[in-house]
Amino acid sequence: MHEIKLNSTDQDNNLRLNEVIRSIARSRKVAVLTGAGISCNAGIPDFRSTDGLYNMVKQKHPKTVVKGKDLFDISLFRNEDTLKVFCTFMESLYSSTLKANPTETHKFLSCLKRHNKLLRCYTQNIDGLERKIGLNTGLTEQNSEPTKTYENLTFRQKWKNTEVIQLHGDLNTLSCTNCFKVFNWNQNYKNLLAGGETPECPSCLSKYNERISMGKRIAGNIGMLRPNIVLYGENHPNSENITNGLNIDIKSKPDLLLIFGTSLKVDGVKKLVKTFAKSVHQKNGKIIFINKTNVSLTAWDNVIDYFIETDCDEFIRYLRLVLPDLFLNQKQLDELKLPKRSRIINYNNILIDNKKGLKLKFKIPKKLTKTSKTELGMITPSKTNSPTKLKKQTQSFRKSTVKVSPYSKPIFNLKGSKTEELSELEERFLLKREEIGNNLE
């Protein structure tokens, strides 16, 4: 595993960084794993600071002692006091999520999708910010009653339509502890959870009242609603579906795995990364890990190829500078589109040859009048210009070539002449075509 820093003057470091950029640019099927590190800049308060969510909860429940790491543990349901802490914490986290905005890393996922590079994103986050950038999350529709059209889809079709797999569930919905039916949040549920109370499941309650009205004996319990997330110590309800979907992604042969903002400490996530790494390396692809802190070298040395020690958004901003095409939409790409490979455009002997995509050449006929040369900018008109000087200026213009960045508008750097954008130069020649007439034939 090679360690890389963004702002370094070390030559070996920069060579490896170039290898990372090249791998991302050339990739066609990219799998992504994201953790809490990509949401730190989204506006969601952290858990440990003085203004963090954990201290806010402690102020509401000063007598109940709960460690920060236990706020996502199923053991909180064993005690009524700790359950109140859990409810208050989850409502505070949900309210913060509603105000959060997608980060640069979230938007990068959307760019990968737009360029048909995104195979799948697996996220450990429960905030659902990916939906705000137009990505589809979860293997079920986002409402509590899926349509018949969606239910008739095969599993493979549902998986193909899902860009983001939420490994730990979704905070933006509630589920019943008894019947497991999913519900959307409403103001009543928010008020109850904020006060440390768990709402009753409407579906279970309806069946309970129906049996009483029909005089039947009471069977089963009335479930309570809780955030639809997977806590430590409980079984994952969609583990089988995720495993089947993972196998589909592995068989599609991804050529790059990007890991953003996670400590890689959860056992299931470790297994997922190692499974993907084996498949990616078979395609001579790379595993790239971007995080503020590194992981154990002995455990991940043969799995992760590059570790970039930086903030996730900082890396994406750097990537935007070196690979700007990846962040442009189709309309912007069309505006900057260069001539296709091996295509030649001839505007009356103005030859644009872009076979290599790096150099443009234009050809000017030898026989041109002094007036035509002046109008085309090939020579600078002057009373003292001798025939020899005019000839040299013309030759200099003919020999000029244009080096073009594959990610930006080509610029003409003419010797002894102006610097103009390609579109302006073409327009200028087209406007002068009729005036120059037969001189360009």
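Values quoted throughout were computed directly from the atomic coordinates according to the rules given, and no laboratory measurement underlies them. Note that the structure is a prediction, hence the values are computed from the model and not measured. FYI the Cβ positions are ideal-geometry reconstructions off the backbone, even for glycines, and counts take in every protein chain you see.
Can you list residues whose amide H is under 5 Å from L118's amide H, if they're 5+ apart or on another chain and H is modeled 1.01 Å from N? HN-HN under 5 Å from L118: V30, K113.
For segment 224-296 versus segment 181-199, the inter-centroid distance based on Cα atoms is 31 Å. Between N302 and Q330, the modelled label-to-label distance comes to 4.5 nm, taking each label 7 Å out from Cα in the direction of the beta carbon. In terms of packing, defined here as the mean over residues of other Cβ atoms within 10 angstrom, the peptides 195-205, 116-126 line up highest first as 116-126, 195-205. Between S75 and T243, how high is the FRET efficiency from 1/(1 + (r/R0)^6) when r is the Cβ-Cβ distance and R₀ = 22 Å? Nearest 0.05. Approximately 0.25, to the nearest 0.05.
If both residues of a DSSP beta bridge must be in segment 2-330, then about 25% of such bridges are antiparallel.
Placing +1 on the Cβ of every Lys and Arg and -1 on the Cβ of every Asp and Glu, with nothing else charged, gives segment 2-330 a dipole about its Cα centre of roughly 800 debye. Straightening the chain between S263 and L205 buys 16.7 nm, computed as 0.36 nm per residue apart minus the Cα-Cα spacing. With R₀ fixed at 22 Å, the C-beta to C-beta distance from M1 to K278 puts the FRET efficiency at about 0.90.
One decimal place: the segment K270-E309 gains 12.1 nm when fully extended, by the rule 0.36 nm per residue minus the C-alpha distance.
In plain terms, the chain from I250 to F155 could stretch by 32.6 nm, reckoned as 0.36 nm per residue minus the Cα-Cα distance.
Give, as ranges by residue number, the residues of segment 84-126 whose backbone N falls under 14 Å from the point 7 Å along Cα→Cβ of R320. Only 102-112 fall inside the zone, counting backbone N under 14 Å. The modelled label-to-label distance between K132 and N14, using points 7 Å beyond Cα along the C-beta direction, is 3.7 nm.
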